[in-house]
1. Residues with amide H under 5 Å of GLU41's amide H, sequence separation 5 or more or different chain, H placed in the peptide plane at 1.01 Å from N; which?
2. Excluding ligands, DNA and RNA, what is the solvent-accessible area per residue of region 7-67 at a probe of 1.4 Å, expressed in Å²?
3. Compute, for region 2-46, the length of the dipole vector about the Cα centre, with Cβ point charges of +1 (Lys, Arg) and -1 (Asp, Glu) only. Units Debye, rounded to 20.
4. Compute the orientation-averaged projected area for the chain from the convex hull of its Cα atoms and round it to one decimal in nm².
5. Carbon and sulfur atoms: what percent of the 1.4 Å accessible area of the chain do they account for?
6. Relative contact order of the chain: what whole-number percent is it, with Cα pairs under 8 angstrom and at least 6 residues apart?
7. Whose amide H sits under 5 Å from the amide H of ILE21, counting only residues 5 or more places off or on another chain, with H placed in the peptide plane?
8. Under the Karplus relation 6.51 cos²θ - 1.76 cosθ + 1.60, θ = phi - 60°, what is the ordered set of whole-Hz ³J(HN,Hα) values for region 80-95, x standing for Gly and Pro?
Amino acid sequence: EIGDYLVNTKTYEVFKQEQRITELSKREIELLQLFQQHEGEVVSRDFILDQLWGTDSFPTTRTIDNYILSFRKLFEENAKEPKFFHSIRGVGYKFTNSH
């Protein structure tokens, strides 16, 4: 759960009040799960890249930023004042989920 949203990690679907809103990619689900495992902690972009992409491919840290932007558009009431996905300048992101 993220706020009013329910994310089904088996079907990759996102629901709000039992209505299917969208479907996420495998990478988006993996990123959400990583944030959930480290809830309340500051997670660096490099850590995220190492955990999800490893050494097989070479995405940039901007790739992470783009995922966060799309998460904010989906889950935040006001993307400019996020409650869940917080930017930590010069480091990375912190996910907080107060139910």
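1. So GLU41 has HN proximity to PHE95.
2. Values: 3990 Å² over 61 residues.
Here the per-residue accessible area is 65 Å².
3. On the way: 6 positive and 9 negative charges, 32 e Å.
That gives a dipole near 160 debye.
4. Numbers: hull surface 25.1 nm².
For the chain, the mean projected area of the Cα convex hull comes to 6.3 nm².
5. On the way: 2890 of 6460 Å².
For the chain, the apolar C and S fraction of the accessible surface comes to 45 percent.
6. Value for the chain: 28 percent.
7. Excluding prolines and chain starts, which carry no amide H, the hits are VAL14, PHE15, LYS16.
8. These are the phi-based 3J(HN,Hα) values: 7, 10, x, 9, 10, 10, 9, 7, 10, 3, x, 10, x, 9, 10, 9 Hz.
The values are calculated or read from the model by the stated rules, or taken from the named source; none is laboratory data. These numbers come from a predicted model, not from an experiment. Ideal geometry is used to build each Cβ from the backbone, glycine not excepted, and the neighbour counts take in all protein chains shown. Accessible surface areas use protein heavy atoms only, side chains included; no ligands, DNA or RNA. Shrake-Rupley method; radii C 1.70, N 1.55, O 1.52, S 1.80 Å.
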